[in-house]
Amino acid sequence: MFHVVQYRPLRLITQNSLSSMCFKLMLSRPVAFAQIWKSWFSSHSLVGNKNIILMGPPGAGKTTVGRIVGHKLDCPVIDIDDDVLETTWNMSVSEKLQDVGNEQFLEEEGKALLKFSASGSVISLTGSNPMHSAGMQHMKKNGIVVYLDVPTAVIMSRLKSMKVDRIVSQSPGISLKDILQFRKQFYKRWYDIRVLCGDIAAEVVAEKVLDAVKRYQNSELETFISTRSSRSGRNMEKDSRKYFSDVVTEGLAPDGGLFVPERGLPKFTAGEWQSLTEATYTERAQVILERCIHPADIPASKLAEIIGAAYGENFTCSKIAPVRHLAGNQFLLELFHGPTASFKDFALQMMPHIFAYCIPRSCNYLVLVATSGDTGSAVLDGFSRLHDTDKQRIAVMNFFPEDGVSPIQKSQMIGCQKENAWSVGVKSDFDFCQTAIKQIFTNSDYTGFLTVEYGTALAAANSINWARLLPQIVYHASAYLDLVHQGIIPFGSPVDVCIPTGNFGNILSALYAKMMGIPIRKCICANNENNVLTDFIRTGVYDLRGRKLIPTFSPAVDILKSSNLERYLHLIANEDGQLVAQLYNQLENQGHFKLRKDLLEKLQQDVVAGWCSEEDCLAAIHSVYSTTGYILDTHTAVAKVVADRLQDRTCPIIISSTAHYSKFAPAILRALRITEIKQNPLSQLHLLSSYSPLPPVHWGLLETLKKKGNEDHQVCAADMSMLMSRIETLIQNHFM
């Protein structure tokens, strides 16, 4: 029912076909009209009795867009300025502002909102309404708040054309641009849905508003499927559908496949991407992740809180993921400014907070993770930063190859152990650790026993978990936008990306960014001597028969079984889960599979691959340092070598610098031909820092290695029953 208290007359914009009889009835018998209107409206409205509340800065087009939306929905439209404030005050808004001043104006405006009531309407707020907390709380109770997010530069241009040079709460000496930036914090506090507007027609914005509201109202459409599920099996009962919160909690699909969104990832228009060129990293992350995570799973306000916790004081560089020019057409995407000095921090400073929000409160959770080097310390650090109440119900157990990581990585993982986070060295390689965790998850007897006996469920924090991949999409998109912002390229010009690759998660995130509209031409997969992926991408044959894992200077990509490749094969196979299941069953049972020719051609349109020897890796580190003073880590050096070989130099290439060189001090000292290599990891870092390298030795590593007791950790044989026994003991010690 539509009603307004104390505010008349109202400007109601309804369908032209509204009969004069209905209009007369509305004037003469408002109660009877309201009953008729409610009956008619309920069958035509997108939101029922809820209001659509448009919010944004002055010049965002709220009034015009509101009229168009109201017309399309055949529902009343209320403009707070004209229909409420000016009617209540019997004077114009500008006169009121001049009469009472900024502070009192905001208070009077808020009081007017508190007395206002409507339903089933489109409401256009003033630019300053969100600055009154009580008034906005009142409005939000019966409405869906839609934030028309228009870039500040566009707003400035519009206000200039409207000859507006001052707005509410703008004090003398404060520029219009600064006050617009200041107000954003209030808009971000209240909205349910964001609509990226840019400098586009109001009609287009109105359509985007309607689409966004439809999405908000239909969370059941954003479901996830397994990469191994058959099409016939997807007609699932409502109770068996998987949503974002479910896949974050469960990690691995019951059939052994990986979860992917059934309807794919959202696509941004070129204009929407361009509207983010001036944005900060955290602002870009918020916009991108809002599109990928339905607000029914994580509301926008909570998502902002999570992003703030992840990328606030934990990163040493204010740009979070800066892009640095290396030489020629090559640029480095520095992904090592987080607390544990690798790209894993981008996901694992955020994922623990997402996980804690999504899981049910009725159960304890033990998060299992396998690492080839960098994931372990990032997981341990991320989950140790949770609130104390969350740490009591969430613990982490990290398995790593005891002799398959660098000394500094090992010291770091042991040093990152906390009251809810432990590391276990396994006398095997990474592939065993990862396979063991997958087998544990699919052992329903064992997981059921843990749940019944200890009230504890298992979860995964490896990149098999969907929540690990999403934050990585952000930095690939952000790197491209930074090149646009710096004037290196105009938006739309292509770039190549080159990524040191082991488990295929990082390069998959770049491919996802491409799908979402970032103009990435080729993704270059860079391998070390464990080059099974290079062979596969070139031939279509994934063959593990007779292959032994080779320990290298770049241990994070010492991987033969690349888990996230499965997600990409599912994508290019047009979601043919039966085919994917067939391929991976063959890999498991026979040690190899071959891709169909048409799928290989499809893959090679997006991805090329090459590999780098140990000698070439060290030579690249030395060469780059000699010519630029910059030190690459061993993984970035692998990517640099492959990029030099495969790029055609017709466009910029962004090389992912996935870790800080400090983590691999012995290899770096050897590459720089420094003969004095001490065994103690902390001494190695001090030696490196004495050479005044660029960038400096990582602060987080120094602090971790200075801690005492770094030698204490558990070591376990490569035996499934022993791993399961360690898990049970940990659960007893922490949760019981």
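The values are calculated or read from the model by the stated rules, or taken from the named source; none is laboratory data. Keep in mind the model is a prediction, meaning the values are calculated, not measured. We place every Cβ from the backbone using ideal geometry, glycine too, and count neighbours over all the protein chains shown. Remember, those area values only see protein heavy atoms, side chains included, never the ligands or the DNA or RNA. Shrake-Rupley method; radii C 1.70, N 1.55, O 1.52, S 1.80 Å.
What the table shows:
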item: Which listed residue, of Ile524, Ile507, is at pLDDT 95 or above, crowded, with 21+ Cβ neighbours inside 10 Å, in contact with a Leu (Cβ under 6 Å, 6 or more places away or on another chain) and aliphatic (A, V, I, L, M); result: Ile524
item: Filter pass, Thr456 being open to solvent by 10 Å² or more (accessible area, probe 1.4 Å), more than 25 Å from the chain's Cα centre (by Cα) and not assigned by the TED database to the domain that holds Val323; result: no
item: Residue, nearest to Val205 (Cα to Cα), within segment 250-279, restricted to residues that are touching a helix residue (DSSP H, G or I) at 6+ places or on another chain (Cβ under 6 Å) and outside any loop (DSSP other than H, G, I, E, B); result: Val260
item: The one condition in (1) more than 23 Å from Tyr661 (Cα to Cα); (2) at pLDDT below 95 that Thr316 fails to fulfil; result: (1)
item: Output for segment 82-98, where each listed residue is over 14 Å from Ser128 (Cα atoms) and of a type in the set (Gly, Ala, Ser); result: Ser92
item: Qualifying residue in segment 436-450 (condition: closer than 17 Å to Asp345 by Cα and either free of Cβ contacts under 8 Å to residues at least 40 places away in the same chain or aliphatic (A, V, I, L, M) (or both)); result: no
item: Flag if Ala285 is farther than 30 Å from Gly577 by Cβ, out of contact with any helix residue (DSSP H, G or I) (no Cβ under 6 Å at 6 or more places or on another chain) and modelled with pLDDT of 90 or more; result: no
item: All positions within segment 304-319 that are surrounded by 22 or more Cβ atoms within 10 Å (Cβ to Cβ) and without any contact (Cβ under 8 Å) to a residue 40 or more places away in the chain; result: Tyr311
item: Selection from segment 263-272 of residues that are of a type in the set (D, E, K, R) and touching a residue at least 60 places away in the same chain (Cβ under 8 Å); result: Lys267, Glu272
item: Subset tally (residues that are β-branched (Val, Ile, Thr), in contact with a helix residue (DSSP H, G or I) (Cβ under 8 Å, 6 or more places away or on another chain) and modelled with pLDDT under 90) for segment 402-460; result: 2
item: Scope segment 194-227; condition touching a His at 6+ places or on another chain (Cβ under 6 Å) and among the charged types (D, E, K, R); matching residues; result: Glu222
item: Flag for Val369 being surrounded by fewer than 24 Cβ atoms within 10 Å (Cβ to Cβ), of a type in the set (Val, Ile, Thr) and not in a loop (DSSP other than H, G, I, E, B); result: no
item: Which listed residue, of Thr628, Thr634, Thr704, is farther than 22 Å from Thr552 by Cβ, surrounded by 21 or more Cβ atoms within 10 Å (Cβ to Cβ) and among the hydroxyl-bearing types (Ser, Thr, Tyr); result: Thr704
item: Among the candidates Lys427, Lys418, Lys391, Lys410, residue that is of a type in the set (Lys, Arg) and over 23 Å from Asn314 (Cβ atoms); result: Lys427
item: Criterion (surrounded by fewer than 19 Cβ atoms within 10 Å (Cβ to Cβ), at pLDDT below 50 and part of a loop (DSSP other than H, G, I, E, B)) met by exactly one of Met26, Met1, Met91, Met21; result: Met1
